[in-house]
Amino acid sequence: MADSTNPQTAAAEDGPLARALRAKAAAAAQAYRDFIAHVAECSDCRTWGLDCKAAASLRQAWRDARVR
């Protein structure tokens, strides 16, 4: 873990690359939460254990968010 009391280290953690990586991780996490929330509420997904069309598109959005 970086030492947050060191100004050079703290500045490096807030650089453009770090912000971009945090944004990517946040987008992927949100897409996963959306997918899981849908599957938990969708009777077809729960009953048959297969993705409905909405779940399939949410899963693909999650995959796309992880790849970007």
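Every number here is computed from the coordinates shown, using simple stated rules; none is lab data. From a predicted model like this one, the values you see are computed outputs, not experimental measurements. Every residue, glycine among them, receives a Cβ derived from its backbone with ideal geometry; neighbour counts consider all protein chains shown.
Testing the spin-label approximation: label points 7 Å from Cα along Cα→Cβ at Ala18 and Glu41. State their distance in nm.
3.6
Residue separation times 0.36 nm, minus the C-alpha to C-alpha distance between Lys53 and Ala29: what's the value?
6.6 nm
Show me 32-40, 15-23 ranked by packing, highest mean number of other Cβ atoms within 10 Å first.
Working: 32-40: 15.1, 15-23: 10.3.
Listed from highest to lowest mean packing, they are 32-40, 15-23.
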